[in-house]
Amino acid sequence: MSGRPRRPRIAAPGLLLALCAALGGCTAGPSLEAQGEVTAEPGDSRRLTVGSAGFTESDLLAQMYALLLEEAGYRTKILSVTNRELYEPALERGQIDVVAEYAATFADWLNAKADGPDAPPVGSPDPDATMKALRALAAPRGLTVLDAGRAVDQNAFAVTAEFAAKHRLKTLSDLGATGLPIRLAAGDECVRRPYCAPGLRKVYGIDVTAVDPKGVGTTPAKQAVQNGQDQLVLTTSTDATLDAFGLVLLEDDRNLQNADLVVPVVNRARAGGPGVTGALSRLNTVLTTEDLTLLNEQVDSWRRLPEDVARNYLVSKGLVAR
């Protein structure tokens, strides 16, 4: 598209109400699989709805997707639906056409949807195996998982910079080797999740003596580590606020965490053609985990608008016109 791309539009609240009505009062309905539409050829609708899950990073990715699609000649709107139980069925139906997802998390979610909540996880630390499992689960639902880039947002653990310097810590293995008793600030589910307290004990030999249920990456959780009440906090690899609390990440050097690569997922019948794939794949050549962290910081700490941050980043990389 020549000239300045149109500004992506945020969908009005009425559109969300319309979506809920179409979903039968915001409950999950039959998927494309049930409707027998999964054999449709990849579509190329020129008007596309980009979904956001309503948190900073998802908003930023939605804005970048919309801008790239506008640059390629599509008309877009952005719809924020904060509940995956709502936006995933809407994606299957084509009420949402594209959304940014996280490979391992989404694979496990689709697997549980297909086989029940007790289904064994299919996400793993292996990116190739995780993407293969995700695509196999997505395809019968009329969804296409595009290629992942270099950006990853997965669970991560942080300590204070002072604690790391005192004990010469760079990795979780280093922490395990100290033999120190460790109180962990995290969500209450951390007690039983294999990637959390049990995994830290088994994989790294970390002496986790207690889990302080303050949530994942929340301000109270970081403050508890900052003031020495706890020694370790569960957060995410793109957390942009660690510096403000004097915290640093420890490397997951034995790959305890699953491969939560950032991936675009599209409705095949409406947005599975080469036009959308080509437009969104341009982001893969530039966006890194470090970039995503800095973009989050600009919104969360500098109070800039996600749309402005997204546009400035894409312009700086030569992906869209100013």
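Annotations for the structure displayed:
- Each Lys or Arg adds one and each Asp or Glu subtracts one; over the other residues with Cβ under 13 Å from the Cβ of residue 316, this totals +1.
- Order of exposure, largest accessible area first, which applies to 235, 288, 82 with probe 1.4 Å: 82, 288, 235
- Estimated dipole of the stretch 192-322 in Debye, rounded to 20 [Cβ of Lys and Arg +1, of Asp and Glu -1, Cα centre]: 600 debye
- Rounded to 5, the percent of DSSP beta bridges in the stretch 102-249 classed as antiparallel: 45 percent
- Bridgeable lysines around residue 222 (alpha carbons under 20 Å apart, same-chain partners fewer than 8 residues away excluded): 166, 170, 214.
- Beta bridges per DSSP with both ends in the chain, % antiparallel, nearest 5: 45 percent
- Listed residues 129, 186, 259, most fluctuating in the chain (Gaussian network, C-alpha, under 10 Å): 129
- C-alpha center-to-center spacing [the stretch 85-151, the stretch 274-311] in angstrom: 21 Å
- Span-like helix criteria (full DSSP H runs; alpha carbon extent of at least 20 Å along the helix axis; mean Kyte-Doolittle hydropathy of at least 1.6) are satisfied in the chain by no helix.
- Checking every one of the trypsin sites (Lys or Arg not before Pro) in the stretch 155-230 against DSSP loop status and a limit of 16 other Cβ atoms within 10 Å picks out 168, 170, 192.
- Most mobile listed residue (126, 115, 188) in the chain, GNM with C-alpha springs under 10 Å: 115
- For the stretch 110-171, the direction-averaged projected area of the alpha-carbon convex hull comes to 6.4 nm².
- The stretch 163-206: proportion of alpha-carbon pairs further apart than 16 angstrom, %: 36 percent
- Taking every DSSP bridge with both residues inside the stretch 171-322, close to 0 percent are antiparallel.
- Solvent exposure of residue 162, expressed as accessible area, is near 150 Å², computed with a probe of 1.4 Å over the protein chains only.
- Relative intensity, log₁₀ I(q)/I(0), of the stretch 160-282 from a Debye sum that treats every alpha carbon as a point, q = 0.17 Å⁻¹: -0.82
- Expressed as a whole percent, the proportion of Cα-Cα pairs in the chain lying more than 25 Å apart is 53%.
- With the convex hull constructed from alpha-carbon coordinates only, the stretch 69-206 shows a mean projected area of 11.3 nm² over all directions.
- Computed over the chain: relative contact order in percent, which uses C-alpha pairs under 8 Å that are six or more apart: 25 percent
The values are calculated or read from the model by the stated rules, or taken from the named source; none is laboratory data. Keep in mind it's a predicted model, so treat the numbers as computed, not measured. Cβ: placed from backbone, ideal geometry, glycine included. Neighbour counts: every protein chain shown. For accessibility, only protein heavy atoms count, side chains too; no ligands or nucleic acids. Shrake-Rupley method; radii C 1.70, N 1.55, O 1.52, S 1.80 Å.
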